[in-house]
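The values are calculated or read from the model by the stated rules, or taken from the named source; none is laboratory data. Since we're looking at a predicted model, the values are computed, not measured. Cβ placement follows ideal geometry from the backbone for every residue including glycine, while neighbour counts extend to all protein chains displayed.
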C-alpha cells in the first residue's frame with residue numbers, strides 16, 4: 001500500500017481512465033445503457049469491501065428479509081437507474097456479506113432487465129448464503145424523469161446484509177449521475193427556444209465518462225466527442241506546435257481525411273482563418289457577446305457551426321445562445337455537478353426467509369442516502 005491506495009486498484013483506475021481517451025474502437029456516443037452499466041459497476045464497486053462487510057455481518061442476521069425503496073429527497077432529474085439496479089444485482093446475487101472470502105463474481109444479466117429470469121441461479125446463490133427469500137429488483141421510474149421529494153425510483157428486496165452492502169455504491173452512482181442530468185436540464189431549459197443546444201466535454205471523472213455522458217443525454221443535452229479518436233479538436237497548443245490555425249487544420253485534414261475537425265479560436269480573426277481553411281466546427285473560447293455575434297456572421301454563410309465555451313454561467317446562458325451560436329460547451333455538467341439527494345428507505349421484516357413484512361415493522365429512513373458513509 002502507498003499513501004493508502006491499493007496499487008492494483010490504482011493501476012486499474014488509471015488504465016480505465018486512459019482507455020476512455022484511447023479506445024481500440026471509437027465509442028458510440030448514443031449507445032443505450034446496457035453493457036456499459038454492468039462493466040462500470042464491476043469496476044466502480046471494487047472500492048467497497050470485496051471480502052466482507054464487517055458491520056453488516058456483525059449486526060444483521062444472515063437470513064433477515066428486507067425491502068428497500070430508493071427515494072428522492074430533492075427535486076431533480078433522475079439518471080442511472082439501471083446502473084443502481086446492476087449494483088444491487090451484483091452484490092445480491094453473489095451474496096458478498098455472507099462469505100468471509102470472495103469466491104468470484106458470477107456473471108449477471110443485462111442490468112436494465114431488472115426482473116430476474118434465472119430462477120435456478122438465484123436459488124443456488126440463495127442456498128449458498130442461507131437466504132431463502134428470493135431477489136426482486138424493480139425500477140419504478142425512467143431515466144430522464146423529473147422527480148420530487150418522496151418519489152420512489154427503484155425498489156429492491158432481498159437479504160438485508162446484501163442490501164446494506166450494496167447501498168452506498170448504488171447511491172453514489174445514482175446520485176452523481178442524477179446530479180449530472182439535473183444540471184444539464186437547467187442549462188437546456190435556460191436556452192430553450194433559441195435553437196442552441198447544450199453539449200458536454202471530456203472533463204469527466206476517470207472511469208465514468210460513458211455513464212456521465214449518458215446522464216447528460218438524460219438531461220436533454222448532447223454529447224461532444226467520447227474519445228480522442230472520434231473527432232479532431234485543434235486547440236491552442238496544437239496551433240502553437242503547427243505554426244498557426246490554418247497550418248494545424250491542414251495537418252489534421254491531411255493525416256485524417258474525412259474526420260470531423262473542430263478548431264478552437266479565441267479571436268474573430270482566428271475564426272475567419274479557420275472558416276477559410278475549411279473547419280467543420282469552430283469553438284469560440286472566452287469570447288464576448290459581440291465577438292460571438294461577429295463570429296456567427298462570418299461562419300454562418302459558410303455553413304460552419306459555432307460552439308461557445310469558456311467562462312459560461314447559467315445566468316448568461318440565454319444571452320450567449322441568442323448570439324446565434326449552435327452549441328454551448330459546458331464542462332461543469334460533469335466535472336462539478338452537485339449530486340442529487342436520493343436515499344434508501346429500508347423496511348425490515350422480523351420473519352426469516354420469505355414472507356411480507358408486517359405493517360408495524362417498518363423502519364423508515366434506515367440507510368438513508370445522505371447519512372451513510
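Some observations on this one:
- Residue check, residue 276 surrounded by fewer than 20 Cβ atoms within 10 Å (Cβ to Cβ), out of contact with any strand residue (DSSP E or B) (no Cβ under 8 Å at 6 or more places or on another chain) and closer than 22 Å to residue 201 by Cβ: no
- Within region 166-262, helices (runs of 4 or more DSSP H) holding 2 or more residues that are assigned by TED's automatic domain parsing to the domain that holds residue 315, touching a helix residue (DSSP H, G or I) at 6+ places or on another chain (Cβ under 9 Å) and farther than 16 Å from residue 333 by Cα: 236-242, 245-255
- Single match in 292, 312 (criterion: modelled with pLDDT of 95 or more and part of a loop (DSSP other than H, G, I, E, B)): 312
- The residue that is modelled with the lowest pLDDT, among those in region 332-364 that are in a loop (DSSP other than H, G, I, E, B) and crowded, with 17+ Cβ neighbours inside 10 Å, is 357.
Residue-by-condition table, conditions (1) buried (at least 23 other Cβ atoms within 10 Å of the Cβ); (2) closer than 30 Å to residue 145 by Cβ; (3) in contact with a strand residue (DSSP E or B) (Cβ under 9 Å, 6 or more places away or on another chain):
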| residue | (1), (2), (3) |
| --- | --- |
| 195 | no, yes, no |
| 205 | no, yes, no |
| 212 | yes, yes, no |
| 216 | yes, yes, yes |
| 231 | no, no, yes |
| 260 | no, no, yes |
| 269 | no, no, no |
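- Yes/no for residue 297 being more than 26 Å from the chain's Cα centre (by Cα) and assigned to a helix (DSSP H, G or I): yes
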